[in-house]
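Engineer: Below is the structure I would like to discuss, written out as structure tokens.
The values are calculated or read from the model by the stated rules, or taken from the named source; none is laboratory data. Computed from a predicted model, the values in this text were never measured in an experiment. Glycine gets a Cβ as well: all are built from the backbone with ideal geometry, and neighbour counts include every protein chain shown.
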Amino acid sequence: MITTSLWQEAAAFAARAHRRQQRKDQPKTPYFSHPARVAMTVAVRFGCTDETVLASAYLHDVIEDTTTDYDELLERFDREVADIVACLSKDPRVVEPERERQYHEQLATGPWQARLVKLADVYDNLADAPSDDISRRMLEKVDWALKIAGEGPHIAEAITLVRQLAETARREGGST
């Protein structure tokens, strides 16, 4: 019997979960390109090849942006993956601005794996944005992710790379 790795199963699951979604660009890019790039950023740019972290990177938006829930991830993967993805997800049942406050708190106090995936997420969003479309809000999200990054394997390298990208974006005019 052929077996697949955890990250391969997560990639296939995320591709199916996001199959009808698109990024907000022209021409429309399939949304799955974002979690795929986040996972590649974690592995290639940040140097983390841990199966659980890569699976979580592929799945980081499925609770928040699809019909997938925590229990489905728990059943399909394991508690560690489900917990990391839950940490990366805003609770839609909570009203703004409490939702943002809760989200910030759970990430700031969450496991290093979630904070590493968040750094890859903001890195990809910044790298994927046209330089004339980089907003102050996007740069504030990057700064916040850097602020709460803390410590853990591969975190220092991720911080360095995200800072470099943000500095380049600021120099090239991003902050409208």
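Engineer: Which of the residues spanning the range 111-136 are among the polar types (S, T, N, Q) and either part of a loop (DSSP other than H, G, I, E, B) or closer than 19 Å to Ile155 by Cβ (or both)?
Structural biologist: In the first step, residues of the range 111-136 are kept if they are among the polar types (S, T, N, Q); the result is 113, 125, 131, 135.
Correct list: Gln113, Asn125, Ser135.
Engineer: Quick check, is Glu80 under 18 Å from Leu119 (Cα atoms), out of contact with any strand residue (DSSP E or B) (no Cβ under 7 Å at 6 or more places or on another chain) and in contact (Cβ under 8 Å) with a residue 12 or more places away in the chain? Before you say what the answer is, go through the steps one by one.
Structural biologist: Working: under 18 Å from Leu119 (Cα atoms): no; out of contact with any strand residue (DSSP E or B) (no Cβ under 7 Å at 6 or more places or on another chain): yes; in contact (Cβ under 8 Å) with a residue 12 or more places away in the chain: yes.
Criteria not met by Glu80.
Engineer: Quick one: which of Ser131, Ser89 is in contact (Cβ under 8 Å) with a residue 12 or more places away in the chain and over 16 Å from Asp61 (Cα atoms)?
Structural biologist: Values: Ser89 fails: over 16 Å from Asp61 (Cα atoms).
Answer to the check: Ser131.
Engineer: Of the residues that sit in the range 1-47 and are among the hydroxyl-bearing types (Ser, Thr, Tyr) and more than 14 Å from the chain's Cα centre (by Cα), which one is nearest to Pro111 (Cα to Cα)? Steps first, please.
Structural biologist: Residues of the range 1-47 among the hydroxyl-bearing types (Ser, Thr, Tyr): 3-5, 29, 31, 33, 41.
If we keep only those that are more than 14 Å from the chain's Cα centre (by Cα) as well, we get 3-5, 29.
On the way: Thr3: 28, Thr4: 26, Ser5: 22, Thr29: 31 Å.
Residue satisfying both the conditions and the ranking: Ser5.
Engineer: Return the residue satisfying two criteria in turn: it lies in the range 48-66 and is assigned to a loop (DSSP other than H, G, I, E, B) and buried (at least 18 other Cβ atoms within 10 Å of the Cβ), and of such residues it is nearest to the chain's Cα centre (by Cα).
Structural biologist: Start the filter on the range 48-66 by keeping residues that are assigned to a loop (DSSP other than H, G, I, E, B), which leaves 48-50, 60-61, 66.
Next cut, buried (at least 18 other Cβ atoms within 10 Å of the Cβ) only: 48, 60-61, 66.
Details: Cys48: 14, His60: 5, Asp61: 7, Thr66: 15 Å.
In this case the residue turns out to be His60.
Engineer: Would you point out which residue out of Asp83, Asp71 is of a type in the set (Asp, Glu) and either surrounded by 14 or more Cβ atoms within 10 Å (Cβ to Cβ) or within 25 Å of Ala158 (Cβ to Cβ) (or both)? Explain how you work it out, then say what you get.
Structural biologist: Working: Asp71 fails: either surrounded by 14 or more Cβ atoms within 10 Å (Cβ to Cβ) or within 25 Å of Ala158 (Cβ to Cβ) (or both).
After ruling out the rest, the residue left standing is Asp83.
Engineer: Follow-up. Select from the range 28-42 the residues that are in a helix (DSSP H, G or I) and buried (at least 18 other Cβ atoms within 10 Å of the Cβ) and list them in ascending order.
Structural biologist: Let us first name the residues in the range 28-42 that are in a helix (DSSP H, G or I), namely 33-42.
Correct list: His34, Pro35, Ala36, Arg37, Val38, Ala39, Thr41, Val42.
Engineer: Quick check on the range 98-107. Is at least one of its residues assigned to a helix (DSSP H, G or I), modelled with pLDDT under 90 and more than 18 Å from the chain's Cα centre (by Cα)?
Structural biologist: Applying the first criterion (assigned to a helix (DSSP H, G or I)) to the range 98-107 yields 98-107.
Those left that are additionally modelled with pLDDT under 90: none.
No; the residues of the range 98-107 include none that is assigned to a helix (DSSP H, G or I), modelled with pLDDT under 90 and more than 18 Å from the chain's Cα centre (by Cα).
Engineer: Does Ala156 meet the test of being surrounded by 15 or more Cβ atoms within 10 Å (Cβ to Cβ), small (Gly, Ala, Ser), under 21 Å from Ala39 (Cα atoms) and free of Cβ contacts under 8 Å to residues at least 60 places away in the same chain? Give the steps one after another, and end with the answer.
Structural biologist: On the way: surrounded by 15 or more Cβ atoms within 10 Å (Cβ to Cβ): no; small (Gly, Ala, Ser): yes; under 21 Å from Ala39 (Cα atoms): yes; free of Cβ contacts under 8 Å to residues at least 60 places away in the same chain: yes.
No: the conditions fail for Ala156.
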